[in-house]
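The values are calculated or read from the model by the stated rules, or taken from the named source; none is laboratory data. From a predicted model like this one, the values you see are computed outputs, not experimental measurements. Note that we place each Cβ from the backbone using ideal geometry, even for glycine, and neighbour counts take in every protein chain shown. These accessible areas exclude ligands, DNA and RNA; they are computed on the full protein's heavy atoms, side chains included. Shrake-Rupley method; radii C 1.70, N 1.55, O 1.52, S 1.80 Å.
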Amino acid sequence: MTFEIEVKNARIDGPQVPRADFEMLLRFVCDFVVRIAEIDIFREVEFPFVEFAAQLAAWFQAERPGNFDYESMESPAAGLIYFHRSDTGEWRVGSTLPGNPRSAAITTDELRGGVEAFLIGVPTIVDAFGVDVRRFLLKRP
């Protein structure tokens with residue numbers, strides 16, 4: 001199955017280029033889709049993709065990552081996007097928001113491939129605005 005995290009129409013939410021850390025995390029937004037096998041599991045406009053990338057990178061770089069539950073500083077909802085490992089070792093991708101389907105099971109390799117492709121692409125997207133967000137995506141000691 002194909003797992004992808006798609007960023008389109010990246011832009012700055014507001015009139016000025018973000019400089020403070022919280023602004024860099026929240027004000028770079030896009031039309032965002034998490035898709036598996038051509039099914040949109042999560043779709044959002046004005047999505048803070050750098051904030052998501054920072055949390056995803058920290059989770060992905062953990063020695064033994066458990067379940068991932070994205071929580072935005074701008075939303076009271078936990079698990080806006082989640083990756084949960086099943087007892088069989090496969091992953092379910094979904095969202096706690098109503099109306100979003102839960103994925104079919106995907107393998108660790110499929111999950112890893114989609115996450116890596118997204119994380120590699122984020123700095124390049126934001127570089128176009130003259131801002132470097134790589135420090136949010138690097139493993140911290």
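A cut-off of 5 Å between modelled amide H atoms, ignoring neighbours fewer than 5 places along the same chain, links residue 42 with 34.
What number, rounded to the nearest 500 deg cm²/dmol, is the helix-based mean residue ellipticity at 222 nm of the chain, given -39500 (n - 2.57) per DSSP H run of at least four residues and division by all its residues? Can you show the working numbers first?
On the way: 3 runs with 39 residues, N = 141.
Computed mean residue ellipticity for the chain: -9000 deg cm²/dmol.
If you put +1 on each Lys and Arg Cβ and -1 on each Asp and Glu Cβ, how big is the dipole of the chain around its Cα centre, in Debye rounded to 20?
Details: 15 positive and 22 negative charges, 55 e Å.
Dipole of the chain, to the nearest 20 debye: 260 debye.
Taken about its Cα centre, the stretch 80-141 carries a charge dipole of about 260 debye when Lys and Arg each add +1 at the Cβ and Asp and Glu each add -1 at the Cβ. Return the single residue from 129, 42, 32 with maximal mean-square fluctuation; model: Gaussian network over the chain, springs between Cα atoms under 10 Å. Ranking 129, 42, 32 by mean-square fluctuation puts 129 first.
Multiplying the residue separation of residue 87 and residue 74 by 0.36 nm and removing their Cα-Cα distance gives an extension gain of 1.5 nm.
Roughly how many whole Å is it from the C-alpha centroid of the stretch 117-131 to that of the stretch 1-59? First find each Cα centre; the distance between them is then 11 Å. Over the chain, accessible surface divided per residue gives 54 Å², non-protein components excluded, 1.4 Å probe.
The angle between the Cα long axis of helix 108-127 and the longest principal axis of the Cα atoms of the chain comes to about 10 degrees, rounded to the nearest 10. Whole-Hz Karplus values for the stretch 88-93 come out as 8, x, 7, 10, 10, 10 Hz, taken residue by residue from phi with 6.51 cos²θ - 1.76 cosθ + 1.60 and θ = phi - 60°; glycine and proline positions read x.
For the chain, the longest principal axis of the C-alpha atoms and the axis of helix 49-60 are separated by about 50°.
Shown for the chain: the carbon plus sulfur share of the solvent-accessible area, taken with all protein chains present and a 1.4 angstrom probe, equals 52%. Note that the stretch 69-84 has calculated 3J(HN,Hα) couplings of 10, 6, 10, 8, 4, 9, 9, x, 7, 8, x, 3, 9, 9, 10, 10 Hz, one per residue in order, obtained from phi through the Karplus relation 6.51 cos²θ - 1.76 cosθ + 1.60 (θ = phi - 60°); glycine and proline are x.
Once both labels are modelled 7 Å past Cα along the beta-carbon direction, what's the residue 124-residue 22 spacing in nm? Reported label-point gap for residue 124 and residue 22 is 3.2 nm. With the charge dipole of the stretch 58-111 set up from +1 on Lys and Arg Cβ and -1 on Asp and Glu Cβ about the Cα centre, the Cα lying farthest toward the positive end among the listed residues 104, 67, 84 is that of 104. Remark: spin-label model distance residue 58-residue 43 equals 3.0 nm, labels positioned 7 Å along the Cα→Cβ axis. Across the stretch 49-136, Cα-Cα pairs more than 20 Å apart make up 39 percent of the total. Couplings 3J(HN,Hα) for the stretch 6-23, derived from phi with the Karplus relation 6.51 cos²θ - 1.76 cosθ + 1.60 (θ = phi - 60°), are 10, 10, 10, 6, 5, 7, 9, 7, x, x, 10, 5, x, 10, 6, 3, 5, 5 Hz, where x marks Gly and Pro.
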